[in-house]
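Below you'll find the structure, written out as structure tokens, and then a few comments.
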Amino acid sequence: MVNFNDVNYLPWLIPLGPMLAFAIIALLTNRSRLVPATSHEYGGHHPDYDGMLVPVVAPWSRVLSIVVGMAGMTAAWLMSLVVFFQGISTSKLGLDDKVFESSRNWLATGVETFRIGILVDPLTVVMLFMVPLVVMCIFIYSIGYMAHDPRQARFFALISLFAGAMLTLVVADNLLLLFVGWEVMGVCSYLLIGFWYEKKSAYRAAIKAFTTTRVADVIMLLGIVYLYTMTGTLSFRDILYNPEVLAMLAGTPALIVGSWGISAAGLIGMFLIIGTIGKSAQFPLHVWLPDAMEGPTPVSAMIHAAAMVSAGIYAIIRMYPLFEAGGHPHSGEFTLPLLLMAVVGAFTALFAATIALTQNDVKKVLAYSTISQLGFMMAALGIGAYIAAFFHLITHAFFKALLFMASGSVIHAMEHGEHHLHEHHDEHGDHDHAHADHHAHDAHDSHDAHDAHDAHDHHEIVGEPIDADDVDEPVTPHFDPQDMRNMGGLIRTIPVTAWTFIIGGVSLAGFPLITAGFWSKDEILADAWYVWSGTSSVVHIFVFVMLAMAAFLTAFYTARQLSMTFLGDHRTEAATHSGLGGPRSIISITMQLPLVILAFFAIVAGFVGVPPDFPIFGSIFAPNGNPFFDFVKYSLLTEMQPPKPPFNAIPVLVSFAVALGGLYLGWRMYGRTPLKAGEADPMTKILSPSAYKLLQNKYYIDELYVAVFVKPLKWFSKNVVVVFIDKGIIDGTIHLIARVFTWIGDLFKVLNLWLIDGVSDSIPQGIINFGAWFRRTQTGQIQQYMLWVLFAVLIIGLIFVVSAGFLQAAG
Amino acid sequence: MVPLWMYLTVAAALFSIGMYGVLARRNAVAVLMGIELMLNAVNLNLIAFWRYLTPFNMSGQAFAAFVLVVAAAEVAVGLAIIIAVYRNRQSVEVEDVDMLKG
């Protein structure tokens, strides 16, 4: 008997709301009607569709789908809140008798049975606070942001499924179910990045994201299978809370590579980490994430803040004891997976931050910043700063979702300004301009449609070289609402967006003491410093230095972005007229309310993790010890819980210095003397032109992949697969078989004609011939007949006489 | 008394003459006459055998009487056919009447 008052059962229902919403929207409420492609309602994403009828969501369907999607998500959010409050009111949640879990049989596999179930430990509780809240904000934001999109119902179906998959992943009690959620999110991200599939760059970005993460996911699946082979279970608690299993895994040499001193736990850990490297966009599989900006902005917020990239880190945090098995990072003993994470994470953090310095696209800066911040988390996990990484995951989700949505608002406002400008012209222009204006007008709906179309930028979306047939869109200088060089002074036209954006930005930069980003970054640095000072571990100091530099660059490019976007004069007419269409319009409200909510959390989320011995702040926010730390640590076994680093002034001062220094330097370069329209980026003066170009082209990684993977693959496909295998071997074999059968057929044909036809033809022919010969006896001469009769009588008589004679002679 | 073989010889000669007439004559009437000769040769045999072998049994005479009757009917039909042929083809030559030729 299921007791619905039992909190153990409630998490089962959490993913169900969005999932059901997805099913209802997809099956029932998503109804379209056909309009001409040139219609204003469709928005004309694609010139090739002229003269065709295209589906546009019906108004009732749009409203109903939004209602259904919101209802599903609200239900999930409310249930998550219940679980959250239950969870935080349970002290030492996560210990064996203090964990909510239930499971039932799922897949029978011979002797074993996979169980499907939910597990709520401190990690889940915290995630259940963050994920539904952020997703909720994204849903609300999407109402306004997608209000003119011809496929808004479909959009809500997809983000509902996405949210459902993320929540499944969060509450899963085993690795298989986690992987299911993981893969469903992969599919959704593919569908959502390519949501504006009329754009070539969008669907290419979708394919790129899908294939890149697939490479990682296959390897991750390998790890899951290996783990199952070794332990016979994929349940988190059976593996991770069982020191014997962990010791066994750490003690067993791995298959194949075991002779190099790699344990089974090490190999499994590496496989799982490679999955995360793909999903959380770490070097060298980071290339999909910047291109994923082709999707609608709420999707960017979803993928880069609340769900997908967090899922990668969350999976590692979930499986953390496995990676740590056999080592002890706090005393400088590293296992191979930890080392991998530390190196990849630290490198990616700095690497992506340098690229972000030179990007002009407002969303691309955020995309690289996301990669960089995920690198922070990876590196923190690598050095054993388990709780700090998780803390940064949560705070980052809040401020990065905020930043993405705010940047979406900025883009929307810029398009509004551009639109306004054209309408203004239209009043004076003659009708010949109507068509050209129409296209510009269409841009209103394709918010993100305008990626940088500079000559060198054009082909890098999927990193494919320009072929003759690739240049289907004329490369004309057109207005790019995402280019920060076109903005400036927006704080005066969209103040709410601007202030929330600034709050998110300073939180990302780690502005000391008052922002969430400061506390979480500081904790990572403090952890690294603490262990280094105790053990002089090289890895820890490496991570510390790399992350400190990355944090400095983060503050710098944030200041650059904020200054270029909001400060100074309007650099284009569009910026002058930018806006969200009246303070009380539904678009304005739905797009700004989530920003305010998230801005609130971008500030206060940090205060739950203040170290208790931090001067002043510690006594205000953490009189009874660091609340976040004390709550989350029980998701690990007692002996694995990381030590609490005591307050040390050096890392805190470093945090202060890099954040303030970066912000000040950025403001000095971009804010104090704002960029004028058409002026070159001052960055070009500091960096050498070649270095600037290198960074702007993202270290040519895309080009490298094109040269190393895409081109050889194309060559291989064309020359080996098509020409040799397909045309040579397969076609050759088929042709050979055909030829043999043709030959056999010819043989049978000859046989048929000669033997069977011969026999069956010659029998009647013989009869005909005989008849022709025999008819000559039929002369019609009566006397001749008579003569025959006479001969016959004579012969019969002769026979009679002779035989009678013989009989007589015989007696 | 004239011995039996003489009758038989005469009958055989008569039959052969009739046979020759049937086979060799071109005139259909003559052919008919040949047939009559052969019938009469048979009649002669029947009578001769009856007289010499079973004089107290009248079967030979009865057969002969039947043959006479049949011969009369046959001549009547035969002549009628010949007349019909003649009317159609203006000829009683047997060689000309070869409509049964295959």
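The values are calculated or read from the model by the stated rules, or taken from the named source; none is laboratory data. If you're wondering where the values come from, they're calculated on a predicted model, not measured in any experiment. Using ideal geometry, Cβ is built from the backbone for each residue, glycine included, and neighbour counts are taken over all protein chains shown. Calculation scope for accessible area: heavy atoms of the full protein, side chains included, ligands and nucleic acids excluded. Shrake-Rupley method; radii C 1.70, N 1.55, O 1.52, S 1.80 Å.
Using only helices, what value at 222 nm comes out for the protein assembly as shown when you add -39,500 (n - 2.57) per DSSP H run of length 4 or more and divide by the total residues, to the nearest 500 deg cm²/dmol? Each step should come with its number before you reach the end.
On the way: 37 runs with 577 residues, N = 913.
Mean residue ellipticity, 222 nm, calculated: -21000 deg cm²/dmol.
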| request: Could you work out, residue by residue across A:650-662, how many beta carbons of other chains sit within 10 Å of that residue's beta carbon, and then give the average as an integer? | output: 0
| task | Per residue of B:28-35, count partner chain C-beta atoms within 10 Å of its C-beta, then hand back the mean as an integer. | result | 1
| Per-residue HN-Hα couplings for the range A:76-85, Karplus 6.51 cos²θ - 1.76 cosθ + 1.60 at θ = phi - 60°, whole Hz, x for Gly and Pro? | 4, 5, 5, 5, 4, 5, 4, 4, 4, 5
| remark: Ordered by number, the residues of the range B:66-102 that have at least 10 Å² less accessible area in the complete protein assembly than on their own chain alone (1.4 Å probe) are B:94, B:95, B:97, B:98, B:100, B:101, B:102
| Average projected area of the Cα convex hull of chain A, in nm²? | 64.3
| field | Point-to-point label distance, residue A:33-residue A:109, nm (Cα→Cβ direction, 7 Å offset) | value | 5.1
| message | Probe of 1.4 angstrom, ligands and nucleic acids ignored: what's the accessible area per residue over the range A:283-382, in square angstrom? | response | 12
| remark: For residue A:174, the residues 5 or more places away or on another chain with a placed amide H closer than 5 Å to its own amide H are A:117, A:236
| task | Per residue of the range A:52-69, in order, report the coupling 6.51 cos²θ - 1.76 cosθ + 1.60 (Karplus, θ = phi - 60°) as ³J(HN,Hα) in whole Hz, putting x for Gly and Pro. | result | 9, 9, 10, x, 10, 4, 6, x, 5, 5, 4, 5, 5, 5, 4, 4, 4, x
| message | Report the B-A buried area as the accessible area lost on both sides summed, probe 1.4 Å, in Å² to the nearest 100. | response | 1000
| query | Which whole-number percent gives the relative contact order of the range A:242-332, counting Cα pairs below 8 Å spaced six or more residues apart? | reply | 31
| Compactness relative to 2.2 N^0.38 Å, alpha carbon Rg of the range A:234-274 | 1.16
| request: Give me a single rounded figure for A:771-782: the average over its residues of other chain Cβ atoms within 10 Å of their Cβ. | output: 3
| field | For residue A:614, distant residues with modelled amide H under 5 Å away | value | none
| Listed pairs A:92/A:279; A:199/A:363; A:400/A:644; A:200/A:698; A:400/A:693; A:279/A:693 exceeding 23 Å between Cα atoms | A:92/A:279; A:400/A:644; A:400/A:693; A:279/A:693
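Peptides A:737-743, A:490-496, A:572-578: what's the order by average Cβ count within 10 Å, highest mean first?
Listed from highest to lowest mean packing, they are A:572-578, A:490-496, A:737-743.
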| note | Output row, site residue B:99, 7 Å Cα→C-beta label point, backbone N cut-off 18 Å, window the range B:24-44, residues B:28-29
| message | Among A:312, A:298, A:759, which residue has its Cα furthest toward the positive end of the charge dipole of chain A, with +1 on Lys/Arg Cβ and -1 on Asp/Glu Cβ? | response | A:759
| request: Using only protein heavy atoms and a 1.4 Å probe, report how much of residue A:52 is accessible, in Å² to the nearest 10. | output: 90
| note | Karplus ³J(HN,Hα) for the range A:188-197 (6.51 cos²θ - 1.76 cosθ + 1.60, θ = phi - 60°; Hz, whole; x = Gly/Pro) runs 4, 5, 4, 5, 7, 5, x, 4, 8, 5
| query | Where in the range B:28-61 does the amide nitrogen come within less than 12 Å of the point 7 Å from the Cα of residue B:87, taken along Cα to Cβ? | reply | none
| When the Kirkwood radius is taken over all Cα pairs of the range A:616-692, what Stokes-Einstein diffusion coefficient follows at 37 °C and 0.692 mPa s, in µm²/s? | 192
| Relative contact order of chain A, defined on C-alpha pairs under 8 angstrom at six or more residues apart (%) | 12
| note | Given a 1.4 Å probe, the accessible area of the range A:673-811 per residue, as a whole number of Å², is 78
| note | To the nearest 10 degrees, the tilt of helix A:495-509 (Cα long axis) against the first principal axis of the alpha carbons of chain A is 90
| request: Can you tell me the 0 to 90 degree angle between the C-alpha axis of helix A:264-279 and the longest principal axis of chain A, rounded to 10? | output: 90
| request: Report the normalised scattering of the range B:4-101 as log10 I(q)/I(0) at q = 0.16, 0.18 Å⁻¹, calculated by the Debye formula with identical scatterers on the alpha carbons. | output: -0.73, -0.85
| What accessible area per residue comes out for the range B:4-101, rounded to a whole number of Å², with a 1.4 Å probe? | 65
| task | Using a 1.4 angstrom probe on heavy atoms only, work out the carbon and sulfur share of the accessible area of the range A:270-420 in %. | result | 72
| query | Got a number for carbon plus sulfur as a percent of the range A:497-621's accessible area, 1.4 Å probe? | reply | 77
| task | Could you size up the charge dipole of the protein assembly as shown around its Cα centre, putting +1 on the beta carbon of Lys and Arg and -1 on that of Asp and Glu, and report it in debye to the nearest 20? | result | 2140
| task | Determine the distance separating the Cα centre of the range A:123-153 from the Cα centre of the range A:514-593; give it in Å without decimals. | result | 22
| task | Measure nothing fancy, just the Cα-based angle from helix A:757-774's long axis to the longest principal axis of chain A, in degrees from 0 to 90, nearest 10. | result | 20
| query | What residues does the range A:783-807 have that are buried by at least 30 Å² of accessible area in the full protein assembly compared to the chain on its own, 1.4 angstrom probe? | reply | A:783, A:786, A:790
| What nm value, rounded to one decimal, do you get for the distance between residue A:97 and residue A:777 when each label is placed 7 Å out toward the C-beta? | 12.2
| Label-reachable residues, the range A:540-564, where backbone N falls under 20 Å from a point 7 Å from residue A:672's Cα toward its Cβ | A:552-564
| task | Could you look at the range B:4-101 and say what percent of its accessible area is carbon and sulfur, using a 1.4 Å probe and all protein chains? | result | 72
